Amino acid sequence: MICEVALAAVSRIYLFSTLGLPEPDISIEPDSIVIKSADIDYSYVIYYPKELNDEMNHCFSPCLLSLKREYDLYISSEDMLKPSGERVGEMLRRFKSLERLLHLVLARKCWNGKKTLALHGLQPNQFLSSLRNELEQADINYMILLPLNDELGSGMFKAIEMSDAMTLESNLRSEQPRAVENLLHLEEDYGPHTWVSNNHSWPKKSRKTDNNK
């Protein structure tokens, strides 16, 4: 249970990392974990049975630190191996992280207009048109990358520089092998991709938020 709560916390921390924000503060409350970013005044609460409070106080932090290393979040080391895009994508889908990211950006208007969100595949039972509408409502630059043999893809997403997005688009047009896989650190070979983006609006003027100054 404690490791499950820690993994849920990592899935939320990943969102702040995607937005280029400093690592959020994390506190252990009697029946919950609170993850808060003072930069955008936004928080996540993850509840757990209050009977586990003593164990949480002893075990949660070491477990969280281990998972942050495993997922390469706010910890840098030359000896660390980056997790595969498939492993990250599995976590992101499990905890509905894309949905949470869209809600966060829509609520706080905190997307960096100099970045593009690269998404590999759709969520199960998700329609491309509805996803595009949600991304545009949140005012996010995006590239939705769809393997021709499996539109679900890996579920991985990350914020990339505008120059990387333009290079990726050029590589996709020229059908360069593994262009998507190399960018998103995917281990499998997904073959040819099609893609959908709102590149007509690139580049946007950055918003005047703390993380963009």
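The values are calculated or read from the model by the stated rules, or taken from the named source; none is laboratory data. On a predicted model such as this, the values are computed, not experimentally measured, just so you know. Ideal geometry is used to build each Cβ from the backbone, glycine not excepted, and the neighbour counts take in all protein chains shown.
Quick look at the values:
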| read-out | value |
| --- | --- |
| Meets criteria (among the basic types (Lys, Arg) and closer than 30 Å to Leu131 by Cβ) for Arg94 | yes |
| Filter pass, Val34 being β-branched (Val, Ile, Thr), part of a strand (DSSP E or B) and either outside the structural domain of Ala138 (by TED's automatic domain parsing) or over 12 Å from Phe60 (Cβ atoms) (or both) | yes |
| Which listed residue, of Leu102, Leu19, Leu64, is buried (at least 16 other Cβ atoms within 10 Å of the Cβ), touching a residue at least 40 places away in the same chain (Cβ under 8 Å) and within 30 Å of Lys114 (Cα to Cα) | Leu19 |
| Every residue from region 113-123 that is in contact with a Gly (Cβ under 9 Å, 6 or more places away or on another chain) and outside any strand (DSSP E or B) | Gly121, Leu122, Gln123 |
| Which listed residue, of Asn141, Asn133, is surrounded by fewer than 21 Cβ atoms within 10 Å (Cβ to Cβ), under 17 Å from Gly121 (Cα atoms), of a type in the set (S, T, N, Q) and under 19 Å from the mean Cα position of the chain (by Cα) | Asn133 |
| Some residue of region 71-82 being surrounded by 16 or more Cβ atoms within 10 Å (Cβ to Cβ) and either in a helix (DSSP H, G or I) or at positive phi (or both) | yes |
| Pair list, Cβ < 7 Å and 6+ apart or interchain, from region 171-194 residues that are within 12 Å of Gly153 (Cβ to Cβ) to residues that are aromatic (Phe, Trp, Tyr) | Val180/Tyr190; Glu181/Tyr190 |
| Unmet requirement for Asp25, which otherwise passes all of (1) in contact (Cβ under 8 Å) with a residue 60 or more places away in the chain; (2) surrounded by fewer than 16 Cβ atoms within 10 Å (Cβ to Cβ); (3) farther than 26 Å from Asn199 by Cα | (1) |
| Residue within region 168-178 that is under 15 Å from the mean Cα position of the chain (by Cα) and more than 29 Å from Ser43 (Cβ to Cβ) present | no |
| Restricting region 105-146 to residues that are hydrophobic (A, V, I, L, M, F, W, C) and without any contact (Cβ under 8 Å) to a residue 24 or more places away in the chain, the residue that is farthest from Cys3 (Cα to Cα) | Phe127 |
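One line per residue, one yes/no per condition, for (1) part of a loop (DSSP other than H, G, I, E, B); (2) hydrophobic (A, V, I, L, M, F, W, C); (3) outside the structural domain of Tyr44 (by TED's automatic domain parsing):
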{"site": "Glu86", "(1), (2), (3)": "no, no, yes"}
{"site": "Trp111", "(1), (2), (3)": "yes, yes, yes"}
{"site": "Glu136", "(1), (2), (3)": "no, no, yes"}
{"site": "Ser154", "(1), (2), (3)": "yes, no, yes"}
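Residue by residue, here is whether (1) touching a Leu at 6+ places or on another chain (Cβ under 9 Å); (2) among the aliphatic types (A, V, I, L, M) holds:
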| residue | (1), (2) |
| --- | --- |
| Arg87 | no, no |
| Leu101 | yes, yes |
| Leu104 | yes, yes |
| Ala107 | no, yes |
| Lys114 | no, no |
| Arg132 | no, no |
| Asn141 | yes, no |
| Leu148 | no, yes |
